[in-house]
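Single-structure report; data block below.
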Amino acid sequence: TSGAASHSADLLTDLKTGYLLGGNPRKQFWAQFLGVIAGAAFVVPVYTLIVPNASVLGTEKLPAPSAQVWAGVAKLLSQGAGSLPPSAITALYFAMALGLVLTLLEKAFPKHKTWIPSPTGLGIALVVPFFNSFSMFAGALIAWILTQKSPVLAEKYVITVSSGLIAGESILGIVIAILTVQGYIT
């Protein structure tokens, strides 16, 4: 449900942005619709190649940390808190308290909000592997430096190059995952 809501919000944000930039809403809708169809036609076979059965998830070959988090949530909701290890319950309470404290700090000190860690950012950092978080940091730092040194160059290339790097890494990640699960890479 959360994923569907998130993707719906992304699509609506895209439509709003296109509208503000003068795009044709009907053409945007059809582009998104065709993208969903093409995405589904591509993702289902690729997913089947990468994940032949659910037992592969969480292994050394396919650790899938985000999937493990959602599996933990599903287990918690379906079987109750007793199904989780004691350390997970402790971490759950700690994370809830930290999220609450950080949110209250943002409300209490709005002028210092910039210096208060984001609960969402911390949560994402705990779910994704370090190399992803570090890559995001490094990319943002490079973009910031380029913006400081050459705003015109940054305006022209930062989004384009960043998008290409993200797409390229994603495509290569899929290829590597397929080759790993199929046994061609160890």
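In table form, for the structure just shown:
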{"read-out": "Taking N as its residue count, the alpha carbon Rg of the range 73-183 over 2.2 N^0.38 Å", "value": "1.49"}
{"read-out": "Theoretical ellipticity at 222 nm over the chain - DSSP helices of four or more residues, -39500 (n - 2.57) apiece, nearest 500", "value": "-26500 deg cm²/dmol"}
{"read-out": "Heavy atoms of SER118 accessible to a 1.4 Å probe, total area in Å² rounded to 10", "value": "60"}
{"read-out": "Among (i) 1.00; (ii) 1.03; (iii) 1.19, the entry derived from the coordinates for Rg/Rh (Cα atoms, Kirkwood Rh)", "value": "(i)"}
{"read-out": "Carbon/sulfur fraction of accessible area - the chain, other protein chains in place, 1.4 Å, %", "value": "73"}
{"read-out": "Residues in the range 53-68 reached by a label modelled at GLN182 [backbone nitrogen below 17 Å; 7 Å Cα→Cβ]", "value": "53, 62"}
{"read-out": "Estimated FRET transfer efficiency (TYR47, ALA140; beta-carbon r; R0 22 Å; 0.05)", "value": "0.15"}
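The values are calculated or read from the model by the stated rules, or taken from the named source; none is laboratory data. All figures in this text were calculated on a predicted structure; none of them were measured in a lab. Cβ sites come from the backbone with ideal geometry, for glycine too, and all protein chains shown count toward neighbours. Ligands, DNA and RNA are excluded from the accessible area calculation, which covers all protein heavy atoms including side chains. Shrake-Rupley method; radii C 1.70, N 1.55, O 1.52, S 1.80 Å.
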